[in-house]
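Notes follow the structure.
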Ligand SMILES: *[C@@H]1O[C@H](CO)[C@@H](O)[C@H](O)[C@H]1NC(C)=O
Ligand SMILES: *[C@@H]1O[C@H](CO)[C@@H](O)[C@H](O)[C@H]1NC(C)=O
């Protein structure tokens, strides 16, 4: 392409490029996406873990016990924020992620209980198990499953949650948020904003201790000594 053509090319394409950029802007949610463990938001001194989970992903399920044990061990020194990240190759990932957003609005304290229920019974919602069911059937099965997990008094609220565009939007924003962080699978963890390297076997309690203990030790050191920049 000659210089002159390049100029024309730039003239033609840049406004379009600009338009695309604006169009592709992820909507800014009214508050940070995700579910705080024990409804405990981040405090400046705590170790901040973000987990991207797909409720019907076996690897997400297998990574939860080790992380939960670590959370129980460290208490308020560690904060967890779980984001849903429905993988396109898991048939019911979006609808089960949406269920979590619905419950989080109805009763935030019930969110992790429902996540654990999905982990425990996720085979019911695998692609093969629901292959011959209509979408309406799957939806109904998820409404019943969620209601069972959070209490029958919530049946109609859960049901109408699936036709409320706000819960659809919240689930989409969670997904887009993951994309902007470079998430490409589940489970993916960030500790104090930094992505942990992907491992083939799930990170267990010992693995989490190996990551968190040095950070806590470093915090103690830091308060006594001047900070050395490198
Ligand atoms: C909210 O969920 C928690 C945990 O499951 C439960 O103990 C509590 O009773 C629920 N509150 C309401 C109003 O349903
Ligand atoms: C779906 O239904 C068809 C016809 O009844 C049956 O042959 C097939 O095995 C079913 N597939 C699954 C995955 O259950």
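All of the numbers you see were taken from the coordinates with simple rules; none came from a lab. Since we're looking at a predicted model, the values are computed, not measured. Ideal geometry is used to build each Cβ from the backbone, glycine not excepted, and the neighbour counts take in all protein chains shown.
Determine, for 154, 73, the number of other Cβ atoms within 10 Å of each Cβ, and report the residues in order from fewest to most.
The most exposed by this proxy come first: 73, 154.
Fewest Cβ neighbours within 10 Å first, please rank 68, 31 accordingly.
With the sparsest Cβ surroundings first, the list reads 31, 68.
Given only helices, namely DSSP H runs of n ≥ 4 each adding -39500 (n - 2.57), what is the per-residue ellipticity at 222 nm of the chain, to the nearest 500 deg cm²/dmol?
Helices in the chain give a 222 nm mean residue ellipticity of -17500 deg cm²/dmol.
Binning every alpha carbon pair distance of the chain at 5 Å from zero, what are the percents per bin?
Result, from short to long distances: 1, 6, 12, 15, 16, 13, 10, 8, 6, 4, 4, 3, 1, 0, 0 percent.
Could I have the simple spin-label model distance between residue 116 and residue 136, label points 7 Å from Cα toward Cβ, reported in nm to one decimal?
Modelled inter-label distance: 3.6 nm.
Hey, with R₀ at 41 Å, roughly what FRET efficiency would residue 44 and residue 163 work out to, going by the Cβ-Cβ distance, to 0.05?
Once the sixth-power term is evaluated, E becomes 0.55.
Report D for the range 103-230 in µm² per second (integer): Stokes-Einstein, Kirkwood Rh on Cα pairs, 20 °C, 1.002 mPa s.
This corresponds to a translational diffusion coefficient of 117 µm²/s.
Give the distance, in whole Å, between the Cα centre of the range 184-224 and the Cα centre of the range 87-140.
Spelled out, the Cα-based centre of one part sits 28 Å from the other.
Return a whole-number percent for the relative contact order of the chain, with Cα pairs under 8 Å and 6 or more residues apart as the contact set.
Relative contact order for the chain comes out at 29 percent.
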